[in-house]
Amino acid sequence: MPHLTDLVRAAVERNPGRRVLVYCAGLETLDELEAAAGTGRCRVLDLDGDLTGAPSPEESVAEVLLLAQTPTDVRRAASMQALLPSSSRTVVAVAETPHWYTAPVLSPTPAHRWRALTELRVHRAGASTWVVDARFSKPAPAGRTLAATARAFAGYRLDVVAAPVAGLAGPGAAHWRPGDPNAAPADVAGPVPDRFGARGGDLVLRTTDSDPEPWEGEEIPVERPLAELVSWERLGRPGGEEILRNGLADLSDPRAVPPVDDRSVNPMGFVTVPALDMADLSLDSDRWAITCEGRTLTRFAASGCVTDVDVSRIRQVRGVRVDWGRSHTGPVAALRVVTGLAAAGVPLVCDAVPAWAGALGEELTRLLTSVPEAGLADDLEREEHSIRLRREALRTHGVRTRWEQLGAPSAPAPLTSVLLATRRPEMVGFALEQVGRQRGAELEVILALHGVPAGHPEVASALASFDRPVTVFEAEGRTVFGAVLNEAAARASGSYLLKMDDDDWYGPDFLSDLILAHSYSGAEVVGTVPEFVYLASIGVTVHREQITEQITNFIAGGTIFAERSAFEAVGGFRPLPGTIDAQFQHAVQAAGGQIYRTHGLGYILRRGNVTGHTWREPIGTFLRRNKRQWRGFRPNALMELPVEAS
């Protein structure tokens with residue numbers, strides 16, 4: 001960590017005789033930093049460790065440094081930002097970042113809290129180290145700069161977990177609530193400090209040993225074991241079995257495992273055509289590591305916390321064989337590694353899952369053994385397996401889900417309004433059938449009949465057999481398409497809007513996958529590309545080469561999923577007869593919004609006569625850059641549709 005030690009030395013040199021505090025997150029050892037700090041008034045503290053006796057956040061010091069190994073570690077540190085004191089200079093440095101991360105340029109919001117800022121510098125120190133250096137005219141809370149840096153790495157989205165305020169007490173408690181600057185840190189014995197005249201936390205989580213101190217607050221904390229308490233070494237001592245029996249670490253329950261930071265460790269950056277062969281997750285000294293072709297690609301932290309950097313290092317492997325026989329530092333840490341890799345969509349396989357790994361959950365356990373290693377040789381089957389793994393891991397082991405499992409109130413499912421405009425009464429039944437297939441999401445349909453009477457027999461028949469909420473209105477035939485969709489949006493009541501086409505196929509998890517991608521990407525608009533296209537005129541299905549799971553400029557018009565607030569902010573669709581999808585996406589990006597492209601395995605574009613489409617690409621466009629093609633209608637397995645040979 002040469003760049004980090006240089007930062008510490010520089011801080012000590014420019015503050016002779018004054019207090020400098022160095023907070024760390026995710027670093028394997030602090031020895032080099034402590035040596036750089038010297039024996040003067042510079043102190044090094046581990047935010048993942050015991051902070052008893054740490055300086056009060058009410059104090060002021062000359063300078064605060066926050067040194068983290070990865071952006072994932074910065075997000076975890078941000079949950080402890082309320083513990084940092086004020087300083088006239090705050091430096092946040094991240095030793096390693098994935099290649100797709102851009103510069104963490106801070107957005108100083110809310111503005112009135114940044115009036116003392118006099119200088120802000122963001123720069124690289126080495127190939128992958130980012131440094132944020134903020135100076136103030138008077139001492140300002142250092143945690144504010146830390147939280148803003150975490151937001152900058154996350155694309156400036158609102159960086160908070162939608163649940164009651166979480167109280168965090170004990171060493172490593174932030175592992176249970178990463179990326180939440182609204183969290184309320186507390187002493188290990190409590191209580192959670194009051195906040196604006198009210199109790200500081202609604203649900204308190206405390207990490208403890210087997211003989212915890214009495215809790216001084218009014219709350220009854222949810223108690224979870226310290227990491228060292230559930231290490232193989234500790235469990236192997238006399239009395240170790242009692243730790244598992246007393247409920248503090250029930251390895252059959254997902255609540256025994258800290259959640260995956262799903263806004264940091266997720267499918268972003270998934271590679272559909274990997275360059276490397278199979279890799280192994282096996283023991284390297286006392287840690288699990290992933291090795292491939294004789295090289296160690298990454299070695300996991302003792303805690304089992306998987307980071308975005310770990311994931312980026314292994315994106316090019318075809319799959320990972322899990323060696324449970326010689327697992328990580330302890331059972332909980334091992335489960336963290338597996339759930340983190342699964343949430344990232346890393347294709348994992350194993351022959352059997354040990355009985356002690358029940359906290360994975362039944363479905364994730366089944367998926368790990370559902371595909372043989374040979375099945376990953378096919379790129380499409382590999383991606384199908386990846387998508388099934390990531391869905392289950394993110395929905396079972398994500399932060400929000402874990403806190404609901406621990407006792408936080410469940411968030412209401414958001415309502416999505418499907419905007420469906422058509423000029424073809426004969427397609428209404430098919431289109432509503434595609435909407436009706438959607439599962440795992442709350443929806444309503446706004447059916448815009450564009451020059452078609454609502455009493456048309458085919459329309460009436462389709463509506464009679466549709467059992468989801470639907471609003472029907474007639475738009476005049478001369479009204480341009482963009483205006484028709486805006487009229488539909490005006491009648492919608494959902495928090496999200498989804499534009500669907502009347503002749504394309506949609507898998508049953510299409511909408512729920514978009515909602516999931518919106519959650520982990522933070523983008524205002526989400527969709528996919530026409531990776532699979534059925535060329536109806538020649539009876540051929542093509543699988544096109546596309547790059548997915550990334551921030552992008554373009555998604556298919558029939559897959560546009562948008563936050564209602566973003567849709568309204570740009571004025572909806574332009575009142576044009578065509579090109580409205582590209583126009584809308586350009587407007588969102590011009591306004592500072594982001595578009596995310598998720599996987600394309602839940603959508604098949606139907607291409608017939610070009611005169612029947614607003615997007616009039618010739619058929620030759622869809623025959624180029626193909627991975628493969630099939631005669632007849634050939635949906636992938638995730639579409640859950642029958643294959644029809646021509």
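Filtered by the rule that a residue be outside any loop (DSSP other than H, G, I, E, B), in contact with a strand residue (DSSP E or B) (Cβ under 7 Å, 6 or more places away or on another chain) and touching a residue at least 40 places away in the same chain (Cβ under 8 Å), the stretch 339-370 gives THR339, GLY340, LEU341, ALA342, ALA343, LEU348, LEU368. Here are some residues: GLY201, GLY217, GLY239. Which one is surrounded by 17 or more Cβ atoms within 10 Å (Cβ to Cβ) and modelled with pLDDT under 90? Checking each option against the conditions leaves just GLY217. Regarding the stretch 307-326, can at least one residue be identified that is in a loop (DSSP other than H, G, I, E, B), in contact (Cβ under 8 Å) with a residue 60 or more places away in the chain and hydrophobic (A, V, I, L, M, F, W, C)? The answer is no; no qualifying residue exists.
Evaluation of LEU576 against the conditions (1) assigned to a loop (DSSP other than H, G, I, E, B); (2) crowded, with 18+ Cβ neighbours inside 10 Å shows that the sole unmet condition is (2).
In the stretch 1-75, counting only strands (runs of 3 or more DSSP E) that sit wholly within it, the ones holding 1 or more residues that are closer than 18 Å to ARG135 by Cβ and either among the small types (Gly, Ala, Ser) or under 34 Å from the mean Cα position of the chain (by Cα) (or both) span 20-25, 60-68. Being in the same structural domain as VAL445 (by TED's automatic domain parsing) and in a strand (DSSP E or B) holds for only one residue in ILE555, ILE538, ILE547, ILE551, and it is ILE551.
When you check ARG234 against the structure, is it outside any strand (DSSP E or B), over 23 Å from THR365 (Cβ atoms) and touching a residue at least 60 places away in the same chain (Cβ under 8 Å), yes or no? Criteria met by ARG234. Pairing residues of the stretch 617-633 that are within 13 Å of TYR534 (Cα to Cα) with residues that are at pLDDT below 80 and of a type in the set (A, V, I, L, M), at Cβ distances under 7 Å and at least 6 apart in sequence or on separate chains, gives ARG631/ALA645; GLY632/ALA645.
Within the set GLY527, GLY522, the sole residue that is at pLDDT below 95, small (Gly, Ala, Ser), more than 20 Å from LEU432 (Cβ to Cβ) and not assigned by TED's automatic domain parsing to the domain that holds GLY345 turns out to be GLY522. Answer yes if at least one residue in the stretch 212-225 is in contact with a Phe, Trp or Tyr (Cβ under 7 Å, 6 or more places away or on another chain), within 27 Å of VAL165 (Cα to Cα), not charged (D, E, K, R) and not assigned by TED's automatic domain parsing to the domain that holds ALA334, and no otherwise. Yes, the stretch 212-225 contains a residue that is in contact with a Phe, Trp or Tyr (Cβ under 7 Å, 6 or more places away or on another chain), within 27 Å of VAL165 (Cα to Cα), not charged (D, E, K, R) and not assigned by TED's automatic domain parsing to the domain that holds ALA334.
Residues in the stretch 362-391 that are of a type in the set (D, E, K, R) and within 21 Å of the chain's Cα centre (by Cα): GLU363, ARG382, GLU383, GLU384, ARG388, ARG390, ARG391. All conditions but one from (1) over 17 Å from VAL418 (Cβ atoms); (2) hydroxyl-bearing (Ser, Thr, Tyr); (3) under 30 Å from the mean Cα position of the chain (by Cα) apply to TYR506; the one that does not is (1).
The values are calculated or read from the model by the stated rules, or taken from the named source; none is laboratory data. What you see is a predicted model, and the numbers here were worked out from it, not measured in a lab. Positions of Cβ are generated from backbone atoms using ideal geometry, with glycine treated the same way; all protein chains shown enter the neighbour counts.
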